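Only the coordinates and a few stated rules stand behind these numbers; no lab work does. Because the structure is predicted, anything quoted here is derived from the model rather than measured. Counting neighbours? That spans all protein chains shown, and the Cβs are built from the backbone with ideal geometry, glycine included.
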Protein chains: 2
Amino acid sequence: MTFGEWMQGISAIGFALLLCATSATAQDQPKLNLMPMPANLQTGTGDLRIDSSFSVALTGHTEPRLDRAVQRFLRQLSRQTAIPLSGKPSTKPTLTMHTDHASKEVQELGEDESYTLSISTDGAKIDAPTPLGAMHALQTFLQLVEVSPNGFAAPAVTIQDKPRFPWRGLMIDVARHFIPLDVLKRNLDGLEAVKMNVFHWHLSENQGFRAESKKFPKLHTLGSDGLYYTQDEIRDLIAYARDRGIRVVPEFDMPGHSTAWFVGHPELASAPGPYEIERKWGIFDPAMDPTNEKTYKFLDEFVAEMTKLFPDHYFHIGGDEVNGKQWDASPKIQEFKKSHALKDNEALQAYFSQRVQKIVTKHGKAVVGWDEVFIPGVPKDIVIQSWRGQESLAKAAAQGYHGILSNGYYLDLGWSTARHYAVDPASGPAANLTPDQQQLILGGESCMWAEYVNSENIDSRIWPRNAAIAERLWSPQSVTDIASMYSRLHTVSAQLEWLGLTHRTYYPQMLRRIAGHAATPEQLTALRTLADVVEPVKDYTREASAPAEPTSATPLNRLVDAIPLESDAARRFSEQVDKFVSASCRDADAAAQLRVQLITWRDNDARLRPLTQTSFLVKEVAATSQGLSALASVGLAALDHLPKGSPAPDDWKAQQLAIIEQAKTPKSQLLLMPTPAIQKLVEAVSAGGNCVAAK
Amino acid sequence: MTFGEWMQGISAIGFALLLCATSATAQDQPKLNLMPMPANLQTGTGDLRIDSSFSVALTGHTEPRLDRAVQRFLRQLSRQTAIPLSGKPSTKPTLTMHTDHASKEVQELGEDESYTLSISTDGAKIDAPTPLGAMHALQTFLQLVEVSPNGFAAPAVTIQDKPRFPWRGLMIDVARHFIPLDVLKRNLDGLEAVKMNVFHWHLSENQGFRAESKKFPKLHTLGSDGLYYTQDEIRDLIAYARDRGIRVVPEFDMPGHSTAWFVGHPELASAPGPYEIERKWGIFDPAMDPTNEKTYKFLDEFVAEMTKLFPDHYFHIGGDEVNGKQWDASPKIQEFKKSHALKDNEALQAYFSQRVQKIVTKHGKAVVGWDEVFIPGVPKDIVIQSWRGQESLAKAAAQGYHGILSNGYYLDLGWSTARHYAVDPASGPAANLTPDQQQLILGGESCMWAEYVNSENIDSRIWPRNAAIAERLWSPQSVTDIASMYSRLHTVSAQLEWLGLTHRTYYPQMLRRIAGHAATPEQLTALRTLADVVEPVKDYTREASAPAEPTSATPLNRLVDAIPLESDAARRFSEQVDKFVSASCRDADAAAQLRVQLITWRDNDARLRPLTQTSFLVKEVAATSQGLSALASVGLAALDHLPKGSPAPDDWKAQQLAIIEQAKTPKSQLLLMPTPAIQKLVEAVSAGGNCVAAK
């Protein structure tokens, strides 16, 4: 039975009656817990109850991967609801899933990932051309299941869905801090949940070479401190990813970012060794010798081995951030540049890139590289991954090259989710491309660079924010409402916990370590109150503001490592203030609410103080705690002005703004996030009576 | 170097100066985070800083198990502190650990588990006769490490330690709900942390047969719904336990509690089959046929297989709760009783027990059984596990039999930790035994019966409370201070998280499921406020008060499943009220604090109300939430009386006590734990002015 036939069958039994007439477009997003938002969605009436009799039947094309997907789906459904599900087949299955045909043996870019999902009070039906779409549909179903007044249920709905971009990825840097396999696996579970389909595995760096090479074992034995993935583990992860509709693109960064290679193979470098694994962060001098034929012979054998290990058609060769110092210092390399008419190091790197691209092509794969590998004239099957920005992506597309966007999706920079969410690979300079050129923009990848993450806090840097980036890459371009995004993100974040992601549980645990395990509940609450309204310094300011030069041996146990990258509490406070001020500060209930919050913050420093005496990790943030207290006092003083009905005097305002300026200076690498909202309050009560909304 | 020599060496360099003169006995417990409390402890001055150079050296006897223990120790130390530790050997090790000699190939009851541990500002030293003591010492060290004003550190201390009882165990029933291997493993990690040395694996029940039998595969294939441990997994768990100084005692319960055996082998039963796996809880009729020689032939072969699989000297044959109905209904069995002069079913069971004991003895093992297997005349090498109580334990000891106590340590009954803690195997009737007879009391076991636990909440039923039982069985009998116990338990509970135990993280997650993932933070806080002050109904009242007959298919997703078994918030409130009342209600600050708490509770119902509309799991507890609100209003009314300085009128008191009586009635199987404290407030203000401490 095709989907069309099934739809007819369903209408015959009155399904059409269950559907509301409201056809939801992407613009008027209904209140359904879905992220990414589907391309098309019609809400119905009633819901499908989930109980222990829940069962699934597969029709059409079947394969073991689909069976496993169903088992995983049932396990997940059971976790979310705590309803034991036997998964035994039933003559009247609750969910019928029809798959037309197989997908490719090795998952390819651009395969059909579409699906339809219909849920009525009687049952549910999935229809998909390939297992990829079918698996996406199961994830949509899981997001729809929620507690209801009468039990667990999924609302009646009809969804027709497909992705906007075919390349929707997450990169994890496993080199700067090693990330164990089980942590990667739970993150792949997360990718599946939000329908991302590429895991970009950044496997080598100055700080570590993380993949076993049987051909050149000194790479991983000497370049990893023993922290690497065996080839069996790599195959295991690739199979795990394939089961979830995810391609695995390995990256071996060259010719720069490669010190760890040189520990075992100094002959590859442009300056004599010996080399040691780099322990610091930054851009370093060591680079492969692009003038030595032995380098290419080595890379040929290495790429031969790795392209066999990694089945994906794409092979990432990095190519970013070569500072050229080793090249400049080598007379031999300078000579080579002259004799080959390579006018600068950029040209030399282009020469290197083209040689490596030929090697990769020879082994049947296509190259992905960072912006730097885009050199006019390179073969058209490469993919440019842009860390530089939309401009560089559009430029490549204009010349007929494929690209994916990562600029704007760097998870380690601590941006708000809203800021990531606003970045669209097809907007800005790309908007001026021809439709054909626009097609060359394949999508994007979020990037988790690992200077400041390890197994303990990495999930919290990726999730839930990565779900919003996944939505940007999957959903219609018109899906842009920030309030809706945050509201759905809140729900999805809670659901992601059932996958075993630790992005929420790690936080109280790290706070307990900071406070000391003997801290009282009240002291812990005080630490939490402070932690909830601070964020780490943004972008690349963290190194500069570090108390000591950070290295891979620096413990990630400070408050800056423990707090989420985005303060929900500060965002909510800011929304409250906006609403209050824009209503001319006349809402007495709202004022009372703000006051309660501000009093809690003002008094928090005194509650936290005992811990500053017992824990060096709390002592470090004592000034930030005092800053919160001072800031809250300013906010309270602003509220105190309101009943007077006249503008606050200028000297008062100047005084308050001085305190606010102080609060803006990061201390112990922390930003006090309620600062702008409190400034807004001060400016509002200073502007006129009662108060005037600031811009 | 022996410990004595080392101590001399240390004094030569001034170690003695570092030690305080105060020799801490068990009575004046110092404020160190240790559970169980060591037998002897002297605190010193200063502390040993933990940094990334931390290293361990082993001297004396070595074996791979000790190396693994050190690696595990370092991993744990690194988790607790987030300090990366390479574990590389050093010429100046931070911790030197000397082990005299090997322990037994198969760990035996009563092996030497003693150790000494000395920590100074310079380094630490462990000295132990056997690896068992050495491993205990490492756990003591881990408990001592805490955040300090200058970094992570362990305080200077000298400890000489050994257990009071040689048998300190935890039983987990994996039959009523299957508990996966990884959950058992993290609980074994917990046992190691609190120095328990027996894992009693309750493997068969009416509701499931959980061990693979190659000899009789129908036992596990038909008796387990596919949820069983393979023999490889069992060997793996036993090795895992041995690595942690833990013996594994298997239990195959017979002749009762055995329906699951009969699904595949109805011929073993006393009534014809067919049988199905039991889905309900309680005591059931099916029992093995003690009159059939084929039963013993089967058990002989079965015990032969299982005693090979489980290396421990002890083999638990259950023996509890046979209701005798199948025996009474069988003319053949009645005939047998007559012909063998067995006057009642008890005698018949004694006959069965003796036959099975002979089989177990024949296979080189000794029997453990519940009280019922204690029949005068049975061989002296059996161990009686008493679920009935201290009386029965003492009676057995008086006749020369070994025993372990479990009565008083049933974790599923929901007792307070203090109540478990007060139970001592050597007190009560045992106190009247001769010293030799007292020696026969080997220790005890806490028991986790699994009607209402699964992977999700089992850790929370075992931990942290089991640490207090572990202390009862390890520490000197004089260690009984409840306040000290709770204070240390609070700390140990937080530390246990680093082992991966989920006894704290599960709770907010289950509350989010109950609330619905879309619940606002404020709504979640309201649910948490209620959840924090209720406890599940106690002892065996849960079945009786269930909304529908519970079975193994009943989802464990209600508030009663989610809350910890003991309310810390209610305990703290009760302590506050006690203090306030005993100071004649004159402390205005204390009154204000109580008022804040009571207002939060009073107003909580209104905050929670929206969720009662959207979640059936919150709707279920709406009456309890209203009860808390009413109760808090009573408490506030009591405080309102205080300024009047005269006793509250009798009719007022009667009115308040009526509301309190209502609050005492459990609703949705929940007890409102602040009730007694609020009653105390009412009685205090009714008794006289200002108020009079109630008894």
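Descriptive notes on the structure:
- Kirkwood estimate for segment A:564-695, i.e. one over the average of 1/r between Cα atoms, Å: 15.1 Å
- Placing a pseudo-label 7 Å from each Cα along the Cα-to-Cβ vector at B:ASP67 and A:SER545 gives an inter-label distance of 4.6 nm.
- Rounded to whole numbers, the Karplus 3J(HN,Hα) couplings from phi for segment A:527-544 are 5, 5, 4, 5, 4, 5, 10, 10, 10, x, 4, 9, 6, 9, 7, 5, 4, 4 Hz, using 6.51 cos²θ - 1.76 cosθ + 1.60 with θ = phi - 60°, and x at Gly and Pro.
- Less than 5 angstrom separates the built amide H of A:ALA156 from those of A:GLY44, A:GLY46, A:ASP47, A:LEU48, all sequence-distant by 5 or more or on a different chain.
- Amide hydrogen neighbours beyond the local backbone of B:HIS200, cut-off 5 Å, H modeled: B:LEU170, B:MET171, B:ILE172, B:VAL249
- Sites B:GLN655 and B:THR525, calculated FRET efficiency, Cβ-Cβ separation with R0 45 Å, nearest 0.05: 0.90
- The Cα atoms of segment A:354-454 give a gyration tensor whose axes a ≥ b ≥ c have a/c of 1.5 or more with a/b no greater than b/c, which makes the shape oblate.
- By the beta-carbon count within 10 Å of each Cβ, the least crowded to most crowded order of A:ILE659, B:ILE382, B:ILE599, fewest first, is B:ILE599, A:ILE659, B:ILE382.
- Sequence-separation-based contact order of segment B:282-421, relative, with Cα cut under 8 Å and 6+ spacing, percent: 21 percent
- Whole-percent pair-distance distribution, where bins are 20 Å wide, for the alpha carbons of chain B: 16, 44, 33, 6, 0
- Its convex hull of Cα atoms gives segment A:94-138 a direction-averaged projected area, equal to a quarter of the hull surface, of 3.0 nm².
- Segment B:392-424-segment B:544-570 distance, computed between alpha-carbon centres (Å): 25 Å
- Using θ = phi - 60° and Karplus 6.51 cos²θ - 1.76 cosθ + 1.60, couplings along segment B:558-575 (whole Hz; Gly, Pro as x): 8, 4, 5, 7, 8, 6, x, 6, 9, 8, 5, 4, 5, 4, 5, 4, 5, 5
- Sequence of B:SER120, A:SER53 once ranked by neighbouring C-beta atoms within 10 Å, starting from the fewest: A:SER53, B:SER120
- Per-residue [θ]222 nm for chain A (sum of -39500 (n - 2.57) over DSSP H runs n ≥ 4, rounded to 500): -13000 deg cm²/dmol
- Rounded to 0.05, the FRET efficiency of the B:ARG279 and B:LEU181 pair, given R0 = 25 Å and the Cβ-Cβ distance, is 0.60.
- Stokes-Einstein diffusion for segment A:67-125, with the hydrodynamic radius set to the Kirkwood value over Cα pairs and evaluated at 10 °C in a medium of 1.306 mPa s, equals 115 µm²/s.
- All lysines inside 20 Å of B:LYS365 as judged from Cα atoms, apart from same-chain residues fewer than 8 positions distant: B:LYS104, B:LYS215, B:LYS297, B:LYS308, B:LYS380
- Computed from backbone phi with θ = phi - 60° and the Karplus coefficients 6.51, -1.76 and 1.60, the 3J(HN,Hα) list for segment A:390-404 is 4, 4, 5, 5, 5, 4, 5, 4, 4, 9, x, 9, 6, x, 10 Hz; x is used for glycine and proline.
- Spin-label pair B:ASN323/A:ASP225, simplified geometry with 7 Å Cα→Cβ offset, distance in nm: 6.1 nm
- Alpha-carbon centroids, segment A:496-529 and segment A:268-300: separation in whole Å: 43 Å
- Shape category assigned to the protein assembly as shown from the gyration tensor of Cα positions, a/c cut at 1.5: rounded
- Simple point charges give the picture: +1 on the Cβ of Lys and Arg, -1 on the Cβ of Asp and Glu, and for segment B:378-436 a dipole about the Cα centre of about 100 debye.
- Among the trypsin sites (Lys or Arg not before Pro) found in segment B:185-220, those both in a DSSP coil and sparsely packed, with 13 or fewer other Cβ atoms within 10 Å of their Cβ, are B:LYS214, B:LYS215.
- Gyration tensor (alpha-carbon) shape descriptor, segment A:26-118, a/c threshold 1.5: oblate
- Length, then width, then depth: along the principal axes, the Cα atoms of segment A:232-286 run 44, 23, 19 Å.
- Amide H contacts of A:ALA269: A:ASP289, each under 5 Å away and 5 or more positions distant or on a separate chain (H built 1.01 Å from N in the peptide plane; Pro and chain starts excluded).
- Listed by Cβ neighbour count within 10 Å, with the fewest neighbours leading, B:THR551, B:THR99, B:THR417, B:THR221 appear as B:THR551, B:THR221, B:THR417, B:THR99.
- C-alpha center-to-center spacing [segment A:123-169, segment B:34-64] in angstrom: 54 Å
- The value obtained for segment A:471-589, namely the Cα convex hull volume divided by the number of residues, is 205 Å³ per residue.
- Dipole magnitude of the protein assembly as shown about its Cα centre (Cβ charges: Lys, Arg +1; Asp, Glu -1), debye to nearest 20: 700 debye
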